[in-house]
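Bear in mind that the values in this text are calculations on the coordinates, not laboratory data. Worth saying up front: this structure is predicted, and the values here are computed from it rather than measured. Ideal geometry is used to build each Cβ from the backbone, glycine not excepted, and the neighbour counts take in all protein chains shown.
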Amino acid sequence: MLPINLLKTSTFRLAVLYLGLFAASAIMLLAYVYWNTAGFLVRQTDEAVQAEITGLAEQYSQGGLPLLVHTVIQRSRDPGQSLYLVLDPDGRVLAGNLDVRPTTTPGADGWMDFIYSRRGLEGVEMKAARARAFYLPEGFYLLVGRDVQERREIESLITNALVWAIALTLALGLVGGLFMSRNMLARVDEINTSSQDIMRGDLSRRLPIAGTGDELDQLGRNLNAMLDQIEALMIGMRQVTDNVAHDLRSPLNRMRNRLEVTLLQDMSPDEYRQVLERTIAEADHLLTTFNALLMIARAEAGSLRESMTNVDPAMILRDAAELYEPVAEESGCMLAIKAEDGLLVRGNRELLSQIITNLIDNAIKHGKPVAAPVAGEGEDASLPVPLPVIEVKAERLGDGRVEISVADHGPGIPSDQYGKVLERFVRLESSRNTPGSGLGLSLVSAVARLHGGYIFFSDNNPGLKVTLSLPAVSR
Ligand SMILES: Nc1ncnc2c1ncn2[C@@H]1O[C@H](COP(=O)(O)OP(=O)(O)OP(=O)(O)O)[C@@H](O)[C@H]1O
Ligand SMILES: [Mg+2]
């Protein structure tokens with residue numbers, strides 16, 4: 001990774017900005033600390049010297065030079081940090097604990113900082129001092145000051161500590177910023193590499209998730225979910241085009257060939273009519289298949305989720321039953337609707353109606369009882385034989401789901417074929433003689449999934465019960 005890359009990252013820029021702000025506030029804080037410690041020491045020294053000057057000035061005004069010299073001699077015996085010097089006009093020492101008059105010229109504020117020597121236990125020591133000096137009438141010289149050696153040492157300790165603190169803060173902040181951006185950049189690099197692979201066509205590839213649960217992870221997860229969706233759509237599309245290619249092309253070819261052969265033959269108008277009628281029937285079948293395929297693709301695409309509304313399953317069941325009652329009667333069975341009132345699911349009305357009619361259609365078409373019920377021996381043979389009943393139910397389950405079921409008394413589906421019949425174009429051997437393309441249940445399962453539900457089969461003893469389970473909308 002090039003450092004230049006690192007400098008360009010927004011994390012690094014943010015880190016630097018943050019560092020700048022942080023350093024500024026740290027410096028302000030430390031300046032405050034300095035003013036309160038070292039600055040306080042300076043002010044305290046100056047105030048102490050000033051107080052002493054005031055005291056000596058009082059002595060001088062009361063008792064003149066003799067009292068002043070006397071006081072200075074007295075104070076010099078036990079001077080502590082204080083420094084005194086009184087000189088006569090010829091420069092001779094009259095009193096005080098300084099040996100010589102400092103040569104430094106005072107600053108504009110009247111203070112002077114100088115070095116003086118003092119004989120200590122370990123020989124002569126050079127020490128820092130700060131003082132003010134005055135000329136008294138007749139040329140006498142008075143100096144009052146303080147030894148500031150210790151204070152200077154403390155001051156430089158504090159200054160050093162503060163400078164180090166600032167330097168360390170900056171260094172640590174910079175290292176932290178670099179580390180953070182490097183880390184971040186490494187992960188962004190990984191995401192970039194993965195997305196390039198994906199763009200090159202490896203749609204099964206997913207972005208790496210570090211597992212930290214931070215924003216990058218969140219982003220990765222969302223993008224991965226998006227990729228899942230895109231992949232599912234692509235697979236769905238491919239399936240539809242495959243299906244169209246395989247399952248619509250051959251019937252279309254067959255139809256075309258038959259028409260060609262018919263044209264080559266000399267036939268009566270009646271015979272032509274028959275061929276045309278058959279062709280129309282086949283074209284209808286093709287259209288139905290085509291529509292079913294498209295509807296499955298639409299359901300699988302999931303884009304219909306936006307158009308969902310609250311739907312009452314009981315209404316759909318009643319509408320479908322009304323539509324299918326005549327068909328059922330014609331094929332010798334009855335529909336019994338048992339729908340709880342007040343149910344509500346969120347869904348696409350058109351698709352839900354379509355799949356319920358698919359299930360009822362299946363029950364009528366494939367669910368005829370194998371042997372018609374025979375009137376019992378003792379019974380009157382003239383009594384009407386009860387028609388087989390197809391039960392269509394909608395009920396609410398305790399766990400917040402709605403179950404819609406269609407149950408017949410026909411031959412049923414062997415349980416090992418339950419999964420198989422949901423696949424496209426799958427029709428069981430026993431249904432070869434009934435019309436259909438084997439797409440009805442595929443649509444039911446696709447629409448169930450679109451609605452956040454699922455379907456399952458069970459044995460109706462005898463017969464098949466297909467149950468559609470959907471999440472209920474609570475009122
Ligand atoms: N109620 C049922 N009883 C017995 N078998 C059934 C029942 N419903 C479906 N099947 C079996 O499952 C197969 C698939 O059903 P599906 O509804 O997908 O297709 P289809 O009814 O044959 O054709 P289409 O619905 O496209 O007109 C059927 O061909 C049939 O063999
Ligand atoms: Mg069907």
Compute the signed sum of charges (Lys and Arg +1, Asp and Glu -1) over the other residues within less than 12 Å, Cβ to Cβ, of G452. +4
In whole Å, what is the distance between the alpha-carbon centres of the stretch 413-471 and the stretch 128-147? 113 Å
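Arrange V240, V42 by Cβ neighbour counts within 10 Å, fewest through most, would you?
Values: V240 19, V42 15.
Going from least to most buried by this count: V42, V240.
First select every other residue whose beta carbon is under 12 angstrom from the beta carbon of A407; then total the charges, Lys and Arg +1, Asp and Glu -1.
Numbers: positive: K338, K393, K465; negative: E391, E403, D408, D459.
Overall, the nearby charge balance is -1.
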Can you give the Rg and Dmax of the chain based on its C-alpha atoms, in angstrom? 51.3, 160
Shape verdict for the stretch 119-190, please, from the Cα gyration tensor: rounded (a/c under 1.5), prolate (a/b greater than b/c) or oblate. prolate
For the pair M308/R427, report the inter-label distance in nm, with labels modelled 7 Å from Cα in the Cβ direction. 3.3 nm
Which value in nm describes the separation of the simple spin-label points at E58 and S474, placed 7 Å from the Cα toward the beta carbon? 8.6 nm
Is there a quick way to get the dipole size of the chain? I mean about its Cα centre, with the Cβ of Lys and Arg at +1 and of Asp and Glu at -1; what is the value in debye to the nearest 20? 1620 debye
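Counting only helical runs of four or more DSSP H residues, what would the 222 nm mean residue ellipticity of the chain come to if each run contributes -39,500 (n - 2.57) and the total is spread over all its residues? Please report the intermediate quantities before stating the final value.
Values: 9 runs with 250 residues, N = 475.
The helix contribution divided over the chain gives -19000 deg cm²/dmol.
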If I model a spin label as a point 7 Å beyond the Cα along the Cα-Cβ vector, how far apart are those points for T434 and F456 in nm? 2.4 nm
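Highest mean first, what order results for 438-444, 270-276 on Cβ atoms within 10 Å?
Working: 438-444: 22.3, 270-276: 12.0.
Averaged packing, sorted descending, gives the order 438-444, 270-276.
Note down the net charge around L233, summing +1 for each Lys or Arg and -1 for each Asp or Glu among other residues with Cβ under 14 Å from its Cβ.
Details: positive: R238, R298, R305, R449; negative: D228, E231, E300.
With Lys, Arg at +1 and Asp, Glu at -1, the neighbours total +1.
At a 10 Å Cβ-Cβ cut-off, how would you order E306, E391, fewest neighbours first?
E306, E391
Could you tell me what fraction of 2.2 N^0.38 Å the Cα radius of gyration of the stretch 3-168 comes to, as a two-decimal ratio?
Numbers: Rg = 23.5 Å, N = 166, 2.2 N^0.38 = 15.3 Å.
Its radius of gyration relative to the 2.2 N^0.38 Å reference: 1.53.
Contour minus end-to-end for Y34 and E125, with contour as 0.36 nm per residue of separation and end-to-end as the Cα-Cα distance? Provide the component values of the computation, followed by the final result.
On the way: separation 91, 0.36 × 91 = 32.76 nm, distance 2.82 nm.
Extending this stretch completely gives an extra 29.9 nm.
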Sequence gap at least 6, Cα distance under 8 Å: using those rules, report the relative contact order of the stretch 206-301 to the nearest whole percent. 34 percent
